[in-house]
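Some notes on the structure that comes next.
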Amino acid sequence: MARKKIREYVSKRLLKENFKRISGSELTMKCVQITESTNFEELVEQEPWLSSTKLVVKPDMLFGKRGKSGLVALNLDLDGVAAFVKELLGKEVEIGGCKGLITTIIVEPFVPHDEEFYLNIVSERLGCSISFSECGGIEIEENWDKVKTIFVPTGAIFTSDLCAPLVTALTAEIKGVIEEFIKVVYDLFLDLDFVFLEMNPFTLVDGKPYPLDMRAELDDTAAFKNFKKWGNIEFPMPFGRVMSPRESFIHKLDEKTSASLKFTVLNPKGRIWTMVAGGGASVIYTDTVGDLGFASELGNYAEYSGAPNEEEVLQYARVVIDCATAEPDGRKRALVIGGGIANFTDVAATFSGIIRALKEKEAKLKASRMHLYVRRGGPNYQRGLARMRTLAEEIGVPVEVYGPEATMTGICKQAIECISTAA
């Protein structure tokens, strides 16, 4: 499972589009998304309610506490929305110590209300946790003792008996409505492969549930079976994070393959770089460098898995090597080409792409005083390691090659010792 955040606009679109299919009844909520490219006149033509109702405006940038940060405007007419949007779009703000530009805004009707409820569903290993409170809103954290939580095991039917502890404090007038709403949202949560969904708050309008604020995450590995129900889904970068051209290249390469290709630059001037097979292994290598006190020298986080073909590995390796060898300063550098013990990936085949890239980048590797540390196991690994040893002789770059007899943490230590020596 891969948890990916989606914008509030997208989460509300998915809820509205699929609610009737699940329950037989419609949600009346409305919302639109505004970016720099939005044409206001065309938007109002498409959504005439914008000019006939009071509105709420807020950033849709994957961060919370927007109201407490003064980034929400309430009860505006269309002219007020246009003015607030003009002020907000492109503005740099700092949230939780992270700075970034506001690029996306959500606009929806202003809904006067007296009651605010809280609902949260989280996918866990053996089922889902569902939390509910009749005291939702911006003060939910101060009223956390009033939040009730139940656990629904995978495959269990979400019955009224299971739901009862959540709604027991509600009045008889609204208990049935909210219980049914929670059940439908839970069914929709499973059907669309959400892994996290929170409404804080939702309220009742004319006796029907109306989500005011939402945030959600999807399991993006389920995209293959949900492409019709999800529609055009964007998984934005975390707030304040902007991809470099090379990171963007790998991201696009990843989107086009059934394999997994991940690459994030942590420190462009770092002297320890990794190119690791397997998501779990990549975390171990990264954490080990940090645990040994050299996190400040770690240039990147990288992971390839799911048996990428030789051409994909070649393109991937070119990017990693280009970043790792950039702006040589005379000091030693280390590139860890590691992994665990593969179950089905042909080690020799993936090494073919890496070896081609290393041969291409021979001059850059030498100029940056790069030392290579290789550790791998799995199908055909002996042949792959033998080719790596031959490569060292061909290009004249220091290469230490190990099989599964060596530990993953051990070669990280060797890489650190290499860059720590003066010679």
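A few comments on the model shown:
- Net charge of neighbours whose Cβ lies under 11 Å from the Cβ of Lys208, counting Lys and Arg as +1 and Asp and Glu as -1: -3
- Spin-label model distance (nm) - Ala223 vs Arg241, 7 Å beyond Cα toward Cβ: 1.5 nm
- Accessible area in the full protein assembly, largest first, 1.4 Å probe, for Glu47, Glu405: Glu405, Glu47
- Extension gain, Ala82 to Glu394: 0.36 nm times the residue separation minus the Cα-Cα distance gives 105.9 nm.
- Peptide packing for 369-379, 68-78, 36-46, 329-339 was compared via the average number of neighbouring C-beta atoms within 10 Å per residue; ordered from the highest value, the list is 369-379, 329-339, 68-78, 36-46.
- Model label zone, Asp191; criterion: amide N under 11 Å from point 7 Å along Cα-to-beta-carbon; scope segment 12-31: 15-25
- The charge dipole of segment 38-193, taken about the Cα centre with unit charges on the Cβ atoms of Lys, Arg (+1) and Asp, Glu (-1), comes to about 500 debye, rounded to the nearest 20.
- Efficiency of FRET from Cβ geometry, Lys91 and Asn343, R₀ 41 Å, rounded to 0.05: 0.25
- Charge dipole magnitude, Cβ of K and R +1, D and E -1 - the chain, Cα centre, debye nearest 20: 1760 debye
- Across the alpha-carbon set of segment 24-65, the Rg to Rh ratio works out to 1.01, Rh being the Kirkwood radius.
- For segment 100-255, the extents of the C-alpha atoms along the principal axes are 57, 38, 29 Å, listed from largest to smallest.
- Between Lys256 and Arg383, full extension at 0.36 nm per residue minus the direct alpha carbon distance yields a gain of 42.8 nm.
- Largest first and in whole Å, the equivalent-ellipsoid semi-axes of segment 1-133 read 26, 21, 15, each the square root of five times a Cα gyration tensor eigenvalue.
- If the segment from Ala2 to Ala156 were pulled out straight at 0.36 nm per residue, it would be longer than the present Cα-Cα gap by 53.1 nm.
- On the beta carbon distance between Ser129 and Ser52, with R0 = 35 Å, the FRET formula returns roughly 0.30.
- Each of [x] 172; [y] 205; [z] 132 is a candidate for volume of the Cα convex hull per residue in Å³; the one calculated from this structure is [x].
- Placing Ser123, Ser296 in order of accessible area, with the largest value first and a 1.4 Å probe, yields Ser296, Ser123.
- Given Lys58/Lys183; Lys208/Lys252; Lys30/Lys148; Lys30/Lys86, the pairs whose alpha carbons are separated by over 32 Å: Lys208/Lys252
- Modelled this way, with points 7 Å down the Cα-to-C-beta line, the labels at Glu311 and Ala367 are 2.9 nm from one another.
- Peptides 127-133, 17-23, 113-119, 241-247 ranked from most to least packed by the mean count of surrounding Cβ atoms within 10 Å: 127-133, 113-119, 17-23, 241-247.
- Order by protection proxy (mean Cβ within 10 Å, highest first), peptides 353-360, 219-226, 168-175: 353-360, 219-226, 168-175
- DSSP beta bridges confined to the chain are antiparallel in about 75 percent of cases.
- Ligands, DNA and RNA left out, the 1.4 Å accessible surface of the chain is 52% carbon and sulfur atoms.
- Cross-link table Lys91/Lys228; Lys99/Lys269; Lys16/Lys54, entries beyond 27 Å C-alpha to C-alpha: Lys91/Lys228
- Each of Val289, Val265 has its accessible area taken with a 1.4 Å probe; listed largest first, they run Val265, Val289.
The values are calculated or read from the model by the stated rules, or taken from the named source; none is laboratory data. Computed from a prediction, not measured in an experiment: that's the story for all the values here. We place every Cβ from the backbone using ideal geometry, glycine too, and count neighbours over all the protein chains shown. These accessible areas exclude ligands, DNA and RNA; they are computed on the full protein's heavy atoms, side chains included. Shrake-Rupley method; radii C 1.70, N 1.55, O 1.52, S 1.80 Å.
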